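This report refers to the structure that appears directly beneath it.
The values are calculated or read from the model by the stated rules, or taken from the named source; none is laboratory data. Since the structure is predicted, the reported quantities are computational estimates derived from the model, not experimental observations. Reconstructed Cβ throughout: ideal geometry from the backbone, glycine too, with neighbour counts over all protein chains shown. The area values use the complete protein model at the heavy-atom level, side chains included, leaving out ligands, DNA and RNA. Shrake-Rupley method; radii C 1.70, N 1.55, O 1.52, S 1.80 Å.
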Amino acid sequence: MQRPDVFFLGIEYSRKCINKSVAKASKRGLANILFIHGEAMRSITQYLAGKYRFSAVYLNFPDPWPKTKHERRRIVTALFVGAVYGILARNGSFYLVTDDMRYAEEIMSPVMEASPHFENALSSPWVHELPGYQPTLYEEKMRKAGKQVYYLQYRRRGLDF
């Protein structure tokens, strides 16, 4: 177990993915993780907002929904970023990771840069390596396939609590 001192909460919409995650956590004997099966925005607003604060939020490899007609399905929106802000502790970090260059350039980075709630914690819009960031199995698979990974890291602004 890499971080037994930290409690993790995973939110996943896909039942297949959540079942795999639960099985892997159980097999490894991880007692410091809880999963919510559901849509992320709804889970944050209904179950977490106003009740919990997190030191970090990680959004790993969301579906980019690249076509314009799919825009409504994209998770990285101003509304979602505002919801994440509401559950982050003071100086908390929001990490976004993708293997889709267009998504990083055209969606993630512009939405985050426009947000009054966050400031970029990196010296560039994104980096391809982020020391200390634990890679997911999906990330390892994409790297083996020769894909580039884009890490974005933003720090919560404001001292409202």
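One table, with the values for the structure above:
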item: Extension reserve of the Asn32-Asp5 stretch, reckoned as 0.36 nm per residue once the Cα distance is removed; result: 8.9 nm
item: ³J(HN,Hα) computed for each position of segment 84-95 - Karplus, 6.51 cos²θ - 1.76 cosθ + 1.60, integer Hz, glycine/proline x; result: 5, 3, x, 10, 8, 6, 3, 6, x, 10, 10, 9
item: Accessible area per residue in Å² at 1.4 Å probe, computed on the chain; result: 63
item: The chain, relative contact order [Cα under 8 Å, separation at least 6], %; result: 22
item: Filter on Lys51/Lys141; Lys20/Lys69; Lys27/Lys141; Lys20/Lys147; Lys24/Lys69 - keep pairs with C-alpha separation over 26 Å; result: Lys51/Lys141; Lys20/Lys69; Lys24/Lys69
item: Inter-part distance where segment 1-33 and segment 95-152 are each reduced to a Cα centre, Å; result: 22
item: Under-5 Å amide H pairs with Ala121, H placed in peptide plane, nonlocal only; result: Gln153, Tyr154, Arg155
item: Rounded percent of accessible protein surface that carbon and sulfur make up, the chain, 1.4 Å probe; result: 53
item: Cα-based shape type of the chain, given that a ≥ b ≥ c are square roots of the gyration tensor eigenvalues and the cut on a/c is 1.5; result: rounded
item: Net +/- balance of residues flanking Ala89 in space, Cβ distance below 10 Å, scoring K and R +1, D and E -1; result: +3
item: Segment 1-53, relative contact order [Cα under 8 Å, separation at least 6], %; result: 44
item: Residues in segment 2-24 reached by a label modelled at Arg42 [backbone nitrogen below 16 Å; 7 Å Cα→Cβ]; result: 11-16, 18
item: Other-chain or far-sequence residues with amide H under 5 Å of Phe54's (modelled H); result: Leu88, Ala89
item: Total charge dipole magnitude, segment 62-161, about the Cα centre, Cβ charges on Lys, Arg, Asp, Glu only, Debye to nearest 20; result: 240
item: Phe61 long-range amide H proximity, modeled H, under 5 Å; result: Val97, Thr98
item: Around Glu12: net Lys/Arg minus Asp/Glu count, Cβ-Cβ under 15 Å; result: +3
item: Karplus-derived HN-Hα couplings along segment 26-40 (A = 6.51, B = -1.76, C = 1.60, θ = phi - 60°), whole Hz, x at Gly and Pro; result: 5, 4, 8, x, 7, 9, 10, 9, 10, 10, 10, 8, x, 6, 4
